[in-house]
Amino acid sequence: MEDRSLFIRYVLRLQINERLQPRPYYYNGRMTYQGTAKGALIIHMNYECIIVGGGIAGLQAAIQLGRYEHRVLVVDSGHGRSTLCRNYHNLLGWPEGVSGDVLRQLGREHAAKYEVEFAEDYIVDAYQDEPGFVLKGRSGQEYRSLTLLLATGILDRLPELPGLLPCLGLTVYVCPDCDGYEIRNRPTLVLGSGDVGARMALTLHSRTNQLVYINHGGEPVNPDNVARLRHKAIPIVEQSIQELLVEGDGNLRGVRLADDEIYEADRAFVAFGGNLVNSQLAEQLGIERMENKHIVTDPRTKMTNVKHVWVAGDIGVHSELAAIAMGEGVQAAIWIHKALLQTAEQS
């Protein structure tokens, strides 16, 4: 029963639902089905797909795979880029915006309708073990699956400034494509470092001419960028920031600098560069990555160069928008489904 060649992990649990509908699972690479009545003990097999990351891309993929009636596990640490965003403004159906936490909660509830399972864990190791993959969590738990979807996302490099986190997505932003609209014709600060912050200020100039760049990180700005900022009348302030001045729930009013000088503004962008791309598991699996550690995938299927490993969301090579992450989650799920069907046919 412990023989790994069977690719089965037996876990007994009490089935509390009225009835478990037959669900596909794999035994020695062959698809079969099992159902049970109320109160019976059932045998849980390994998963057909494990999704690492329960953010926007991972949850959208889980919903789609659940609707295919595959046995799916989402492993999520509970913290990511989407948990920090208090308002996504550019998503269909949410004209007043929606927070990342609400989207994640709704996504989990939606996926759970299709019997998608969830584990709170942080995956630290991943390796191939035919006919699938083994993941090991920080908890010590081991997970096995025929296919993998990596949706581990990125984390923005944010300074530890009082008042910053409560404003994220409300009055302080990171993505000009997502939220450039929010600063139109408003006094806006760019809180950044070196050329990264300078380029953000230059990008935002088309939205407002009331910009100030505060080089909080203190890295040097290229003379060409300095000249371009001056040409567009964007001041550069070479001072670190003490705190953000916030009124009520995430309403930015300005910043206090190290010398106690105050710059007033009701909107800001942060741009420090060096974001953490969570593609360590891809490296362990031998997956091709770019120099910036984002992962190369097939543009049609989202599969990586390692068979039966897919990628969706911000760790891929694309614009980092929630709507794109959703689309990629569905796109990857479709091709995971096709691969599982093909595997069953060949067994």
Fill in: Straight-distance crosslink candidates among aspartates and glutamates, where the alpha carbon sits under 18 Å from LYS338 and sequence neighbours closer than 8 are dropped
GLU48, GLU69, ASP298, GLU328
Fill in: Most fluctuating residue given options LEU92, LEU252, LEU189, as computed from a GNM of the chain linking Cα atoms under 10 Å
LEU92
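What is the local net charge at VAL190, summed over the other residues whose Cβ is closer than 11 Å to its Cβ (Lys, Arg +1; Asp, Glu -1)?
Numbers: positive: ARG199, ARG267; negative: none.
Overall, the nearby charge balance is +2.
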Discussion item. Below 14 angstrom from the Cβ of VAL174, what's the summed charge of the other residues (Lys, Arg +1; Asp, Glu -1)?
Written reply: -1
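Keeping all protein chains in place and using 1.4 angstrom, which order do MET303, MET290 fall into by accessible surface area, from largest down?
Values: MET303 55, MET290 85 Å².
If we order MET303, MET290 from most to least accessible, we get MET290, MET303.
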Worksheet entry | Amide H contacts of GLY254 (H built 1.01 Å from N, under 5 Å, at least 5 apart or other chain) | LEU245, ALA265
Worksheet item: With the contact rule set at Cα under 8 Å and sequence spacing of 6 or more, what percent relative contact order holds for segment 286-347?
Response: 26
Worksheet item: What percent does the relative contact order of the chain come to when contacts are Cα pairs within less than 8 Å and at least six residues apart?
Response: 17
Practice prompt. Could you please put TRP310, TRP94, TRP335 in sequence from largest to smallest accessible area, using a 1.4 Å probe?
Written response: TRP94, TRP335, TRP310
Worksheet item: Considering the alpha-carbon set of segment 241-347 alone, what are its Rg and its Dmax in angstrom?
Response: 21.0, 71
Discussion item. Using all alpha carbons of the chain, what is the percent of pairwise distances in each 10 Å bin, ordered from the shortest bin to the longest?
Written reply: 5, 23, 28, 20, 13, 7, 3, 0
Discussion item. Can you tell me the mean projection area, over all orientations, of the convex hull of segment 162-206's alpha carbons? Units nm², please.
Written reply: 3.4
Worksheet entry | segment 186-203 residues near the modelled ASP266 label - backbone nitrogen below 16 Å, point 7 Å along Cα→Cβ | 186-189
Response to the item:
Rounded to the nearest 5, the percent of DSSP beta bridges in the chain running antiparallel is 50
Item to complete: Would you kindly state how much longer the chain becomes between ILE334 and VAL317 on full extension, computed as 0.36 nm times their sequence separation minus their alpha carbon distance, in nm to one decimal?
Response: 4.2 nm
Worksheet entry | GNM top mover of ALA119, ALA333, ALA268 - the chain, alpha-carbon springs below 10 Å | ALA119
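The values are calculated or read from the model by the stated rules, or taken from the named source; none is laboratory data. The structure displayed is predicted, hence computed values, not measured ones. No Cβ is skipped: glycine too gets one built from the backbone with ideal geometry, and neighbour counts run over all protein chains shown. The area values use the complete protein model at the heavy-atom level, side chains included, leaving out ligands, DNA and RNA. Shrake-Rupley method; radii C 1.70, N 1.55, O 1.52, S 1.80 Å.
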